[in-house]
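Single-structure report; data block below.
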Amino acid sequence: MKARLSALWEGLLMNRWGRIALALLAGAGAALAHPPFGVLPGLLGYPLLMLLAERSSRVRGGFWVGWLAGFAYFFIGCWWVAEAFLVNKDQAWMAPFAASLLPMGLGLFFGTATALYRRFAPEGTRRVLLFAALFALLEWLRGHVLTGFPWNPTGAAWAAGSAMSQFASVGGVYGLGLLTLGAVSALGLLIDPGARRQRLVGAGAGVLVLVGLFVFGAVRLSSAELVRGPTLVRLVQADIPQESKWSPEAYQAIVDRYVALTAQRGAALPDVVIWPEGALPATANDVFNSPDAQAIAGALQTGQTLLMGLSRGEADPSAKGGARYYNSLFALNDEGAAGLRVGAIYDKHRLVPFGEYLPLGRLMSRIGVRSLVHVPADFSPGPRPAPISLVNAPNAQPLICYESLYPGFTPAREGARPAWIVNVSNDAWFGKTSGPRQHLNLASYRAIETGLPVARATPTGVSAMIDPWGRIADGERLDPDHSGVIDARLPEPAAPTIYGRWGDGLFALLLALMLAGGLGWRRRGRQA
């Protein structure tokens, strides 16, 4: 039986179509390991990819097996982006290109990692260190180059809130991914030719790393004491599909639904009410200068704060059309007879390419491509994220939609650290696909990394109150296709985390050590 499997393996490696199929399988397996699929054996796609890169005859072959795996990974993980282009019939022609070009482009990071590995791979078991380090380095670059696209990094394959996810409090999601890559890739040594003892020791070390991650997380969760503070937060989810949002006939019904949910009686009066990103299909100026402002104020009680996601325009003679537009979060304070007062405004800093602005705008406009925003021009980025002060709640760090993918946007230094994160998002663009559930998992990692609770509001799901360990309590989550509110006491922050203090510093140190270990082994092998 063993001989037959070995012959089948060698036959696939020798056949061009066999290598293509294995590369696609490796990427697909790794993608399916992520929530909401949760097929964790799919992580074995990484050791498969490592072995495929090694068996490639040239560096170019190493690149192509990585690119194919990357295409499969991002096609499965990000196919739902096409859903956003189907909302507007005039832009539907762009959907197939979005679903295919995005994974084709992002696959370059996989291909570059495997090409470099094929070029420098040493002999022996420590080559696992080099593969994991190169792959993690290119993953980090994917999250930063050209503003980055840090969707589904390897570490986020572990469900947020689980024991395996807790190392993100130390090394961040990239550090967790680095150790995960090294551990699972070591298992590939079991089917590799070479000294049996070395292979078993290498694979055993990988198993020990996985066990260590689990034990660390289990101990951290066992000592996690969830304390609820006095602030009562209401998350409003109105279940508004994106395709029906921008018709003039639907506007008043949308306003009425948010107003009714805001005014809904509960066991206690919420201190803060949170509406999602782009809650109303209008700009802030249109909303505040209409009778809708009175209806919104009427749904609130004196002293309450409403956090509302709206777009806003600002006159600027230097801008195209004489104005700039921002995707913003407004903190509105109800002052009784005086009405609503704007207490703070946060402007989104990290914008979505093609969704909120067009890269190479002039060129793209000429071929008929335009961004998905419903304002006269692309959005402009706001300043780097910083906490806002609230009248009747602790300071909060807003993260609007896409920004919740990025580690490091929440300050951790003493005196600047907020008490919680407010994540408003408009996942209605992606309907009933896997995208909104993946987004919830990724946003929950910001809680683990910072030790701060995250209050997340979306129009159609998933809305949730996430505790500082990335967990969601029963009854504090609204899935897609559900309308309602979540009333939850805001959890107190956990102690500042190592990641909060050091950022990606520990990840960089581990990365450097693993690169040195892999490349140093190669040099010693040559000298011998």
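The values are calculated or read from the model by the stated rules, or taken from the named source; none is laboratory data. Given the structure is predicted, the values throughout are model-derived calculations rather than measurements. Every residue, glycine as well, gets a Cβ built from its backbone with ideal geometry; the counts of neighbours run over all protein chains shown.
Before moving on, here are some points about what is shown:
- Failed item, numbered, when GLN242 is tested on (1) out of contact with any helix residue (DSSP H, G or I) (no Cβ under 7 Å at 6 or more places or on another chain); (2) in the same structural domain as PRO407 (by TED's automatic domain parsing); (3) not hydrophobic (A, V, I, L, M, F, W, C): (1)
- In region 314-356, residue modelled with the lowest pLDDT [restricted to those that are surrounded by fewer than 18 Cβ atoms within 10 Å (Cβ to Cβ) and charged (D, E, K, R)]: LYS320
- Scanning region 85-107 turns up no residue that is β-branched (Val, Ile, Thr), under 20 Å from VAL352 (Cβ atoms) and within 16 Å of the chain's Cα centre (by Cα).
- Meets criteria (surrounded by fewer than 23 Cβ atoms within 10 Å (Cβ to Cβ), out of contact with any helix residue (DSSP H, G or I) (no Cβ under 9 Å at 6 or more places or on another chain) and farther than 30 Å from ARG257 by Cβ) for GLY520: yes
- Of all residues in region 361-417, those being modelled with pLDDT under 85 and of a type outside the set (A, V, I, L, M, F, W, C) number 11.
- Lone unmet requirement of (1) crowded, with 18+ Cβ neighbours inside 10 Å; (2) among the β-branched types (Val, Ile, Thr); (3) assigned by TED's automatic domain parsing to the domain that holds LEU515 for VAL65: (3)
- Residue check, SER223 modelled with pLDDT of 95 or more and of a type in the set (S, T, N, Q): yes
- Within region 474-503, if we keep just the residues that are within 30 Å of VAL209 (Cα to Cα), of a type in the set (A, V, I, L, M, F, W, C) and touching a residue at least 40 places away in the same chain (Cβ under 8 Å), the residue that is surrounded by the most Cβ atoms within 10 Å (Cβ to Cβ) turns out to be ALA494.
- Among the residues of region 449-478, those identified as assigned to a loop (DSSP other than H, G, I, E, B) and modelled with pLDDT of 95 or more are GLY451, LEU452, PRO453, THR458, VAL462, ASP467, PRO468, TRP469, GLY470, ARG471.
- When LEU452, LEU506 are screened for being among the hydrophobic types (A, V, I, L, M, F, W, C) and surrounded by fewer than 24 Cβ atoms within 10 Å (Cβ to Cβ), only LEU506 passes.
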